[in-house]
């Protein structure tokens with residue numbers, strides 16, 4: 001080989017060697033860089049904590065909508081829960097032929113108008129809802145359209161399996177699951193707490209009793225062509241509301257609450273002059289304060305004029321009446337004379353102790369305040385003694401009567417099951433979560449309470465409440481019939497008829513109340529629409545049905561105490 005050829009070959013080999021070395025160095029640098037990045041990622045992901053502020057920003061940018069907790073009755077029956085449902089939206093900028101698409105969607109969703117759909121498809125917004133809560137079939141049909149501009153979004157819908165049955169207690173939520181009324185609104189913070197979303201809220205309601213109460217109210221409302229009706233079943237000793245119904249009601253699955261004033265909650269929002277039920281309070285105060293005793297007698301031979309008003313008895317005996325007779329025959333004259341002996345200050349103090357001057361503590365925001373007289377003089381002393389001139393909710397009356405018969409203890413009415421709500425082993429709501437609860441108050445002595453129970457039984461056995469009798473059960477009660485206040489005056493043709501009952505009366509467990517708003521007399525009642533003819537038999541029907549359900553065995557008829565203090569002949 002020539003020397004020149006050796007020189008060229010050596011030069012080529014040197015160039016290749018240099019290129020190889022450079023390539024090795026470059027690959028080494030890439031490897032080192034890759035390893036550095038990998039080590040850094042592992043260090044950050046495993047060993048370094050994520051700053052709290054960074055985490056909170058991430059949560060705020062992508063909020064997670066938590067489910068509302070279930071609501072159940074006292075026996076665990078679900079009355080409010082959530083279901084996942086798809087919703088249909090659209091990005092108008094991705095729609096090619098909105099006119100044609102609007103007709104296609106209208107065919108799948110006939111409840112929507114084509115013009116309204118077209119307007120949404122041509123909106124200048126990036127996202128517009130077309131319909132919330134699609135059915136699976138509707139979702140399938142929309143998917144078949146193959147339109148990329150249509151989008152589905154999974155959401156949760158609040159559903160009420162019992163429908164209208166508990167609407168006035170539960171309240172409702174709107175289409176965005178925002179609480180509007182009832183328990184849903186009052187306990188909204190509790191129900192939306194992510195830490196407690198798996199813990200149901202236990203109500204005091206017993207759905208079995210709720211069904212019976214609602215059905216009987218509905219039947220009697222129709223029977224007497226009443227404008228409305230309301231009823232309450234209360235545990236006389238704990239204050240737990242076992243059933244509460246108001247008619248007309250509404251379907252919380254379809255609307256966000258009552259749609260008109262006719263659908264207001266008459267048991268908690270309606271304030272009425274409830275009439276003779278207040279005589280229970282007047283006699284209890286008179287007996288407890290020793291102003292009267294069972295042998296006291298009052299002249300009820302003629303009507304009485306007070307401040308220009310003439311007051312008479314609807315069931316006039318036109319003679320002197322004993323205290324039991326005043327109560328049994330529902331004498332306005334005898335009651336007002338007892339009130340005059342009691343005096344204004346003592347009466348006001350007692351009414352206030354019974355909670356009649358303020359809202360009840362029940363767990364709904366829409367509970368109404370009583371309407372009290374602007375002044376409390378001799379006229380107001382008289383009229384309020386028999387339930388006129390003072391307007392309260394039915395729950396005020398029921399809660400007060402419970403205190404009169406349970407040994408004299410006023411317990412705040414509640415919609416919560418107390419043994420769970422007060423047991424720290426459960427994570428359901430505590431009373432302190434919302435508002436401080438009033439404490440139990442002794443309003444009359446146990447002895448006076450016992451006397452009042454016997455007087456209430458006399459009313460059912462011999463007086464205006466005899467249509468509430470149920471064979472085998474000892475029942476006490478008081479009728480109430482009051483002319484409705486309308487526009488600053490009274491309409492003689494419109495009445496509120498009610499009956500409040502204690503059952504069993506010898507060992508009170510339940511207070512049952514029923515009210516009919518403007519009932520009309522019928523042939524069966526001799527065209528009478530008073531509480532004794534309308535509400536008393538309604539409560540009797542309720543007791544007849546719930547007694548066996550609650551395990552209360554019928555008893556043989558016992559001697560009725562104080563029977564010898566009334567004249568039992570010639571009763572209406």
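Some notes on this structure:
- So residue 279, is it without any contact (Cβ under 8 Å) to a residue 12 or more places away in the chain and either within 27 Å of residue 518 (Cβ to Cβ) or over 35 Å from the mean Cα position of the chain (by Cα) (or both): no
- Strands (runs of 3 or more DSSP E) wholly inside segment 449-532 containing at least 1 residues that are surrounded by fewer than 22 Cβ atoms within 10 Å (Cβ to Cβ): 476-486, 489-503
- Among the residues listed as 205, 233, the single one being closer than 30 Å to residue 410 by Cβ and within 12 Å of the chain's Cα centre (by Cα): 205
- The set of residues in segment 440-494 being touching a residue at least 60 places away in the same chain (Cβ under 8 Å), touching a strand residue (DSSP E or B) at 6+ places or on another chain (Cβ under 6 Å) and over 25 Å from residue 540 (Cβ atoms) consists of 441, 443.
- Conditions (1) in contact with a strand residue (DSSP E or B) (Cβ under 6 Å, 6 or more places away or on another chain); (2) free of Cβ contacts under 8 Å to residues at least 12 places away in the same chain: number failed by residue 527: (1)
Condition check ((1) more than 30 Å from residue 388 (Cβ to Cβ); (2) in the same structural domain as residue 364 (by TED's automatic domain parsing); (3) surrounded by 20 or more Cβ atoms within 10 Å (Cβ to Cβ)) across all residues:
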| residue | (1), (2), (3) |
| --- | --- |
| 195 | yes, no, no |
| 227 | no, yes, no |
| 245 | no, yes, yes |
| 263 | no, yes, no |
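- Only residues that are crowded, with 19+ Cβ neighbours inside 10 Å and either touching a strand residue (DSSP E or B) at 6+ places or on another chain (Cβ under 7 Å) or within 30 Å of residue 189 (Cα to Cα) (or both) were counted across segment 339-365, and they come to 8.
- Listed by position, the helices (runs of 4 or more DSSP H) contained in segment 132-197 that have at least 1 residues being free of Cβ contacts under 8 Å to residues at least 12 places away in the same chain, within 14 Å of the chain's Cα centre (by Cα) and within 18 Å of residue 364 (Cα to Cα) are 188-191.
- When the residues of segment 126-144 are filtered to those that are out of contact with any strand residue (DSSP E or B) (no Cβ under 7 Å at 6 or more places or on another chain) and surrounded by 15 or more Cβ atoms within 10 Å (Cβ to Cβ), the one that is farthest from residue 251 (Cα to Cα) is 141.
The values are calculated or read from the model by the stated rules, or taken from the named source; none is laboratory data. This one's a predicted model, so the numbers in the text were calculated from it and none came from an experiment. Please note: Cβ atoms are built from the backbone with ideal geometry, for glycine as well, and neighbour counts cover all protein chains shown.
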